[in-house]
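Below is one structure, written out as structure tokens, with a few remarks after it.
The values are calculated or read from the model by the stated rules, or taken from the named source; none is laboratory data. Note that the structure is predicted; figures quoted are calculated from it, not measured. In this analysis, Cβ positions are derived from the backbone assuming ideal geometry, glycine residues included, and neighbour counts consider all displayed protein chains. Each accessible area value is taken on the protein alone, full model and side chains, heavy atoms only, with ligands, DNA and RNA left out. Shrake-Rupley method; radii C 1.70, N 1.55, O 1.52, S 1.80 Å.
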Amino acid sequence: FDPYSPFGKQTRSRTKKTLDVLTNAGYVFTVEEVDESYLTKFLPLYEAFISSKEHGTIFPIKDRVADGKKRGREYKALSLYKGTEYLGGLIFSTDPGSNFISSNYKVFPHEIPEKTSIGVSFVAEKYFNEYAINNKFDFITHGLDRNIYGFHSNIGLACYKIQIGGRPFIPLKRTSTNEPNEIIHTLPTFAEDMLIFLGKKHEEFISKALFV
């Protein structure tokens, strides 16, 4: 299985070119354990990045990781370095005996001095796919988001997940039993762009969306 295969043709080509640039410039991706010392360098970058985003939500990562570890979940990170300088990472987790791996939290430089064809995070996704393949996982999950994008989450987040090969679906677990009514009441009040995925059945891939 090719770790680039979830990407579209253009994204695949641009990611490969960017990987060459990073490699030649001395950037290195490495997998490491997520412990308190790791979170100490990850959290300031993550919180600064999320704070700069519209509709960004800063999650209590330290508490969530601690709770997950108590339940047997294993956390690792795909980190980016240039020399000894830590530039960011993707924290992911697995449950014992599970056939899927979860991408949980991520922050990478939006820009680097070298000219690249696509963002550094796409190269990280390639390595994340590779890790999943090498460790015999069947599925990768990229988190649970809430309709409507542009209100609950940033539209760019949805576009990014689709660009790296994500396929949206309605999970069995729902964030709110009142969500349909909430959408009806609040939809006409927004002046900003919104992206709404149009799904009907739980655990069925969504193939339609509405951009307003």
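Along its principal axes, region 1-45 has C-alpha extents of 39, 25, 19 angstrom, given from the largest down.
Taking each residue as 0.36 nm, the span from Glu192 to Lys9 lengthens on full extension beyond its C-alpha to C-alpha distance by 62.8 nm. Converting phi to 3J(HN,Hα) with the Karplus coefficients 6.51, -1.76 and 1.60 and the offset θ = phi - 60°, region 6-11 yields x, 7, x, 4, 5, 5 Hz in sequence order, with x at every glycine or proline. Proximity of backbone amide H atoms, modeled 1.01 Å from N, is registered between Ser117 and Thr18 at under 5 Å, excluding neighbours fewer than 5 places apart on the same chain. Our coupling estimate for region 89-101, obtained by passing each phi through the Karplus curve with A = 6.51, B = -1.76, C = 1.60 and θ = phi - 60°, is x, 10, 8, 9, 8, 9, 9, x, x, 7, 9, 10, 10 Hz, Gly and Pro reported as x. Each label was represented as a point 7 Å from its Cα along the Cα-to-Cβ direction; for Lys41 and Phe59 these points are 2.2 nm apart. In order along region 14-30, the phi-based Karplus estimate (6.51 cos²θ - 1.76 cosθ + 1.60, θ = phi - 60°) of 3J(HN,Hα) comes to 5, 5, 4, 5, 5, 4, 4, 4, 5, 4, 5, 8, x, 7, 9, 9, 9 Hz; Gly and Pro are listed as x.
Calculated accessible area for region 26-139 comes out at 53 Å² per residue, all protein chains present (probe 1.4 Å; ligands, DNA, RNA ignored).
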